[in-house]
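The values are calculated or read from the model by the stated rules, or taken from the named source; none is laboratory data. Since we're looking at a predicted model, the values are computed, not measured. We place every Cβ from the backbone using ideal geometry, glycine too, and count neighbours over all the protein chains shown. Protein only, heavy atoms only, side chains kept; ligands, DNA and RNA dropped before computing areas. Shrake-Rupley method; radii C 1.70, N 1.55, O 1.52, S 1.80 Å.
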Amino acid sequence: MIHSLFLINSSGDIFLEKHWKSVVSRSVCDYFFEAQERASEAENVPPVIPTPHHYLLSVYRHKIFFVAVIQTEVPPLFVIEFLHRVVDTFQDYFGVCSEVVIKDNVVVVYEVLEEMLDNGFPLATESNILKELIKPPTILRTVVNTITGSTNVGEQLPTGQLSVVPWRRTGVKYTNNEAYFDVIEEIDAIIDKSGSTITAEIQGVIDACVKLTGMPDLTLSFMNPRLLDDVSFHPCVRFKRWESERILSFIPPDGNFRLLSYHVSAQNLVAIPVYMKHNISFRDSNSLGRFEITVGPKQTMGKTVEGVTVTSQMPKGVLNMTLTPSQGTHTFDPVTKLLSWDVGKINPQKLPSLKGTMSLQAGASKPDENPTINLHFKIQQLAIS
């Protein structure tokens, strides 16, 4: 399984390495650096890189590459999912997962990695079980450990490890019993010039925070479970009941966890909650062009559309743009021809617009392509599906 793990920052320095089965030389990362140089952006580095004697599998999160080294063929998603679990665990332990924080808590990082893999195979990947084994760092605990020379490792084995429910510790007690579920959905859509949707897909997750006494057995049902496909469950979900009845039945872990992730395909009609009106014209006669876009909400159930940003890659013939936004700030890079407009919140009474002129290359033929406009937005407390 996994022999070694290397953590590489965005400038290409290996700032942490951990070995399980055998010590693998750092020089194996040279193959990764070659692939990194060939990729235009950090996100475009191939997740699986074969080398003469190893495979390198990597994920890129929080401006850090987590590179696992394996010597035999394994299902790659198995390793990639484990690497994502490592990042989530660091985030849960330290609040943020960054190079500085990992270096500051290097002892706890090594202790956690030692527990998460046993001889290269995943063992304890549940955050609440790990926290019983290795206490999360606090300022007081760090001071005590420095003075006494002790570590964050717990005194006894976690109770959950020895039960039939390995993701939940036994003997949990709360005065207030409560459970929260967050549905987080990300929509990817392509809309043509006239405003009709060409394709739309939703990737969603349900994150839970469960603080219940004892061994609660929960069920969760959906109004229309047929919408969901490519569903990926937390190990606590009873899969047979989902297959037969389309009901989620589970004994939840204690605390925060991801219950399931899902996909809603383009076949189901997805209502896009924003629209964009645009008027972009390149003229032949003089070297000027018109540019005008307006963004507005649509079918948002009264929720505010916020965090709106608009980017567009303009054609090569555009030398400069003189634009006035009704709200927010905009920039245009004359070298890369990238226009960015940070809109912020949309006020339905006064829709944000960006208007102005474009300076075009004199004597050059009129740019023929319609520029693609990318729109990013967030809506709190609204599930698109």
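Given a 1.4 Å probe and the protein chains all in place, what does the accessible area of residue 104 round to, in Å² to the nearest 10?
120 Å²
So if R0 is 35 Å, what FRET efficiency would residue 320 and residue 201 give, r being the distance between their Cβ atoms, rounded to the nearest 0.05?
After rounding, the FRET efficiency stands at 0.45.
Let me know the charge dipole size of the stretch 182-318 about its Cα centre in debye, to the nearest 20, where only the beta-carbon of Lys, Arg (+1) and Asp, Glu (-1) is charged.
320 debye
Among (1) 1.21; (2) 1.02; (3) 1.44, which is the computed Cα Rg over 2.2 N^0.38 Å?
Given (1) 1.21; (2) 1.02; (3) 1.44, the structure-derived one carries the label (1).
Return the single residue from 132, 99, 73 with maximal mean-square fluctuation; model: Gaussian network over the chain, springs between Cα atoms under 10 Å.
73
Given 103/211; 63/378; 277/303; 355/378, which pairs have Cα atoms separated by over 28 Å?
Pairs exceeding the cut-off: 103/211.
Assuming R0 = 51 Å, what is the FRET efficiency of residue 138 and residue 286, from their Cβ-Cβ distance, to the nearest 0.05?
It comes out at approximately 0.15.
How far is the Cα center of the stretch 284-338 from the Cα center of the stretch 223-240, in Å?
Centre-to-centre (Cα) distance: 40 Å.
State the extension gain, in nm to one decimal, for the chain segment bounded by residue 311 and residue 178, taking 0.36 nm per residue of separation less the distance between their alpha-carbons.
Computed gain between residue 311 and residue 178 is 43.7 nm.
Could you sort out which of 131/240; 135/240; 193/350 sit more than 26 Å apart by Cα distance in this structure?
Pairs exceeding 26 Å: 131/240; 135/240.
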